[in-house]
1. Looking at the structure I just gave you, is Lys485 outside the structural domain of Ile414 (by TED's automatic domain parsing) and surrounded by fewer than 18 Cβ atoms within 10 Å (Cβ to Cβ)?
2. Between Leu424, Leu436, Leu418, Leu496, which is on the phi < 0 side of the Ramachandran plot, in contact with a helix residue (DSSP H, G or I) (Cβ under 9 Å, 6 or more places away or on another chain) and assigned to a loop (DSSP other than H, G, I, E, B)?
3. Here is a list: Ser567, Ser621. Which entry is modelled with pLDDT of 50 or more and buried (at least 17 other Cβ atoms within 10 Å of the Cβ)?
4. How many residues are over 36 Å from the mean Cα position of the chain (by Cα) and on the phi > 0 side of the Ramachandran plot when one looks only at region 127-145?
5. Please go through region 439-453 and give me each residue that is outside any helix (DSSP H, G or I), in contact (Cβ under 8 Å) with a residue 12 or more places away in the chain and closer than 15 Å to Asp576 by Cβ, ordered by number.
6. In this structure, does Glu554 turn out to be out of contact with any Gly (no Cβ under 7 Å at 6 or more places or on another chain), assigned to a loop (DSSP other than H, G, I, E, B) and modelled with pLDDT of 80 or more?
Amino acid sequence: MQCKTHFEHTTEDIPHVTPLKTYRKTYRKTYHKSYHKSYRKTYRKTYHKSYRKTYRETDVMSTEPIADYRKHVADLAKREPRELVLNGQQIGKQVAAEGGLLSDHVFAIKSLNFLEVIRCEPLIALSPAVSRLDALQSLVLHSNGLKTLPDSIGSLSKLKFMDVSRNQIQSLPDTIGQLSVLQSLNAEHNQLADVPDLSGLKSILVVKLSGNELTRFPASLCPADGSLQHLSEIHANSNQIGDIPHTISKLPALKHLDLSGNQLQQLPGQLGDCSKIKVIDLKNNKLKDRRLVKLIDQCHTKQIMDYIRAQCPRTVPKAAKPTEPETTTTTADADNDDEADGDSGGGRTGRDLSQDRRAKARDARRRRRSTSRSPRSSESDDRPTLDTIHVLPVQNDEWFKATTTPAVHELRKIVVCLVRGVDLSRDGTIKNFLALQTGLHAGICGQRQHATIATHDLAKVMGRQIHFDVRPPTKIRFQPLNRAKDMTAQELYKQLNEEAEAYRKEKKRQSYSGVHKYLFLLKGKQRFPCVMDDKQTVISLPPLINSETTKITEETKDILLEVTGESVPVCRKVMDALLHGMLKQNLSAVAPVDTDSNGGGAVEVVAVTAGVAALAIRPKSLSVEPVKVVDTEGKLYVQYPSKTDLQFADIDVKRPT
């Protein structure tokens, strides 16, 4: 009988031995449970015992008389708490008995760094003794009956957070501008008609002034010296503000601007210089620019800021008028002089005024007239035109067409157009154009499940027609993009699957790159869609890949765009977005002389006056030629673009008459 060695024994042979896996699992479960239970118990006990020595007045002060209230607060000062929270439901009667003020014993607790008094309507004023709280960092006084704040509040040198919202405050003390470390100021829903100078708040991050009676934007929030470098949020909605100062551009960190529900009639172009704005709300104002109103109601912040940057006039501060007594006081007399000069007998005014003074008055009039006639004098002249898409006219016998059959059109739709006169030779142009298509495929195209974009060099497409068909993959032969040789669609599909599997094994994860992640769209299909030119050369295999034959290069001048998808409206929508992006990328062959820092249109010198060059932004343009999709008998399915396509608020579309 052969015996097992020591190393050959298993846990099944020895019943009393616990398997190692089970032991570890039991150990971890028991250890973690006991450890965390003990840790939480100890932590909570220590936390509640020592954390900031917090005393919450609301827990014990609901019905005690005034004498006891003062006694409790006095005793509290000896314990040196760092946080004090008072609720008006419990202390309202005591505050009313104190004349609408908090007990001075509260301001004797010098250890406080957090003071909160809320929902106490009898509280109508804050004692000047608040300046004793040298360590105070947060002051929360919202939803009370406060009407004023003491000037001594400016002595709180460590105050970082201040909330006095939902009170009846009519004015803030001037000393509030001395709080150099204040980071957040909330004075919403009060009765403020103006605010003091806030330019001294060097550390301010957030200012909230909504729901007041402000008639003008606080200019001190955007000082000309740009001292408020950290201000990132301004909330001033639901006021009566009529304009925005041009110095708004001096806020480099501004990210959120809410001026909805005001009386704004126009916006300064300088607002477009705030390049970090992520949220801007300008709804419910009285803006005269209807395009801008439509953008504000329907578009995102980026489109709104682009429009403001390109279309809104840049306001210039009014220069101080020169004080020339001779000129300003004798203008009317000089007009009489003109009449006197024409009078053969000479008038009294002509004798009184010297020739030199009359000459000065005439020069002043000429300067005013020339200024009023200058291109910058009117808002309409100062406003550049919108970027434009030109829809080119096509004669009946010159149409470029895409043909399909009723059976194919039932399975998959196609929309086509031509873009004429592009320039892809500039650095990074092709890369940006491909990135635009990738972004649309990931977004509006739903990872190519709803629609697929294909672009071709029109000069490499043979004939004046393309043909959209579906065929067995063994019957489709072409040279795929960036592949060295021709192959059938079946061979390409197999090769792409092998590449995807190799990539998955290499990266050890269920993810794919490039075209490989779209292979599932053709899985199990007996026939693949394809697009061919007049010589039956396959130029694309949607939704996977284009052909190397019609690849776009830097020499491309005209582009054939095709969008295939599940429905015509989806294809139209994708094509609209593609043309919008191409226009904004400035693919037109009319190359800009120079571009502004914000990626706007071309900049050219239009006038030079007194040594100052006046610059105008040349709008971008894109020329689109419509294409018809018809069946083999000429029946029209789709024409793009039609009169209902290319509806943009920030782009002007010129259509043939």
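1. Working: outside the structural domain of Ile414 (by TED's automatic domain parsing): yes; surrounded by fewer than 18 Cβ atoms within 10 Å (Cβ to Cβ): yes.
In short, yes.
2. Numbers: Leu436 fails: assigned to a loop (DSSP other than H, G, I, E, B); Leu418 fails: assigned to a loop (DSSP other than H, G, I, E, B); Leu496 fails: assigned to a loop (DSSP other than H, G, I, E, B).
Within the list Leu424, Leu436, Leu418, Leu496, the selection yields Leu424.
3. On the way: Ser567 fails: buried (at least 17 other Cβ atoms within 10 Å of the Cβ).
Only one candidate passes the filter, namely Ser621.
4. So the count comes out to 0.
5. Start the filter on region 439-453 by keeping residues that are outside any helix (DSSP H, G or I), which leaves 443-453.
Still in the list and also in contact (Cβ under 8 Å) with a residue 12 or more places away in the chain: 444-445, 447-453.
Ile444, Cys445, His450, Ala451, Ile453 - these are the residues of region 439-453 that are outside any helix (DSSP H, G or I), in contact (Cβ under 8 Å) with a residue 12 or more places away in the chain and closer than 15 Å to Asp576 by Cβ.
6. On the way: out of contact with any Gly (no Cβ under 7 Å at 6 or more places or on another chain): yes; assigned to a loop (DSSP other than H, G, I, E, B): yes; modelled with pLDDT of 80 or more: yes.
Yes, satisfied.
Results for (1) without any contact (Cβ under 8 Å) to a residue 12 or more places away in the chain; (2) in a strand (DSSP E or B); (3) not assigned by TED's automatic domain parsing to the domain that holds Pro619, shown as yes or no for each residue.
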{"site": "Leu521", "(1), (2), (3)": "no, no, yes"}
{"site": "Ser540", "(1), (2), (3)": "no, yes, no"}
{"site": "Pro543", "(1), (2), (3)": "no, no, no"}
{"site": "Val563", "(1), (2), (3)": "no, yes, no"}
{"site": "Val570", "(1), (2), (3)": "no, no, no"}
{"site": "Leu578", "(1), (2), (3)": "no, no, no"}
{"site": "Leu583", "(1), (2), (3)": "no, no, no"}
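This table checks each residue for (1) under 20 Å from the mean Cα position of the chain (by Cα); (2) more than 14 Å from Ser210 (Cα to Cα); (3) part of a helix (DSSP H, G or I).
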site: Ser238; (1), (2), (3): no, no, no
site: Ile244; (1), (2), (3): yes, yes, no
site: Ile248; (1), (2), (3): yes, yes, yes
site: Asn262; (1), (2), (3): no, no, no
site: Gln266; (1), (2), (3): yes, yes, no
site: Gln270; (1), (2), (3): yes, yes, yes
site: Ser275; (1), (2), (3): yes, yes, no
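The values are calculated or read from the model by the stated rules, or taken from the named source; none is laboratory data. Because the structure is predicted, anything quoted here is derived from the model rather than measured. Positions of Cβ are generated from backbone atoms using ideal geometry, with glycine treated the same way; all protein chains shown enter the neighbour counts.
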